[in-house]
Amino acid sequence: MHMRRGLRLGVTGGIGSGKSTFAGMLARQGAAVIDADALSRAVTAAGGAAIEPIRQCFGADFIDAAGAMDRARMRALAFADPGARARLEAIVHPLVGAAIAQASLQAQRSGQRLIVYDVPLLTESPFWAPRLDAVLVVDCTEDTQVRRTSERSQIPADTVRAIIATQSPRAKRLAAADCVVFNDGISLDQLHTKAHQIAARFGL
């Protein structure tokens, strides 16, 4: 089957679903992966483009000793105050969008066959649908999300459930999917097999 170059696949899933692990497996199959979370962390790291606007909007208390955004303090504020969350997003999202556009252009110019966008909040935003050829959802149960995230990040279970509540409902993500990978009760080897199958489906 002939596959054109530059196919754009959005990979998403709730926190703890394993979407970034799966995107990394696609990268090892030859896909170019653009990680929206990594780009977001970059703009809020010390010297990042969002730091001065965050300082001006929220105050110096939200910048840590290293000069990066204090993620724990900002997370607590964003959960408590939706208006603060909206102000933060208004600062960070345009910067991340510009970084994604630049990375996409570079991938297209290099002749990549498959460009994977690793986006945690893909179905929460109308931005993505017209810009993708397909959406893949990495899915698991909420209990699995809570267990994985608590173990990985040492975050209390009730905090993880609060984060899950801010994301799209599982049913909404699944309704937006062209492909679903159920990542629950399987080994990493089995997940890698699924990544190989998906990569082949998109011409890698």
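The values are calculated or read from the model by the stated rules, or taken from the named source; none is laboratory data. Owing to the predicted nature of the structure, the values given are computational and were not obtained by experimental measurement. When we count neighbours, we look across all protein chains shown, and the Cβ atoms used for this are built from the backbone with ideal geometry, even at glycine. Please note that ligands, DNA and RNA were not included when accessible areas were found on the heavy atoms of the full protein model with its side chains. Shrake-Rupley method; radii C 1.70, N 1.55, O 1.52, S 1.80 Å.
When 138, 116 are checked against the criterion of being touching a Phe, Trp or Tyr at 6+ places or on another chain (Cβ under 8 Å) and crowded, with 19+ Cβ neighbours inside 10 Å, 138 stands alone in meeting it.
In the range 46-69, the residue that is nearest to residue 153 (Cα to Cα) out of those that are open to solvent by less than 40 Å² (accessible area, probe 1.4 Å) and assigned to a loop (DSSP other than H, G, I, E, B) is 68. Does residue 6 meet the test of being open to solvent by 30 Å² or more (accessible area, probe 1.4 Å) and either in contact with a Gly (Cβ under 7 Å, 6 or more places away or on another chain) or in contact (Cβ under 8 Å) with a residue 12 or more places away in the chain (or both)? Spelling it out, it is not the case that residue 6 is open to solvent by 30 Å² or more (accessible area, probe 1.4 Å) and either in contact with a Gly (Cβ under 7 Å, 6 or more places away or on another chain) or in contact (Cβ under 8 Å) with a residue 12 or more places away in the chain (or both). Listed by position, the strands (runs of 3 or more DSSP E) enclosed by the range 85-204 that each have at least 3 residues that are farther than 30 Å from residue 49 by Cβ are 134-139, 179-182.
If the condition is being among the acidic types (Asp, Glu) and over 20 Å from residue 76 (Cα atoms), then the range 152-194 contributes 178, 184, 189. Annotation note: Cβ proximity below 6 Å between a residue of the range 152-180 that is within 30 Å of residue 200 (Cβ to Cβ) and a residue that is acidic (Asp, Glu) and surrounded by 12 or more Cβ atoms within 10 Å (Cβ to Cβ) (sequence gap 6+ or interchain) occurs for 168/124; 180/139.
Residues of the range 181-204 that are open to solvent by 80 Å² or more (accessible area, probe 1.4 Å) and of a type in the set (A, V, I, L, M): 188 alone.
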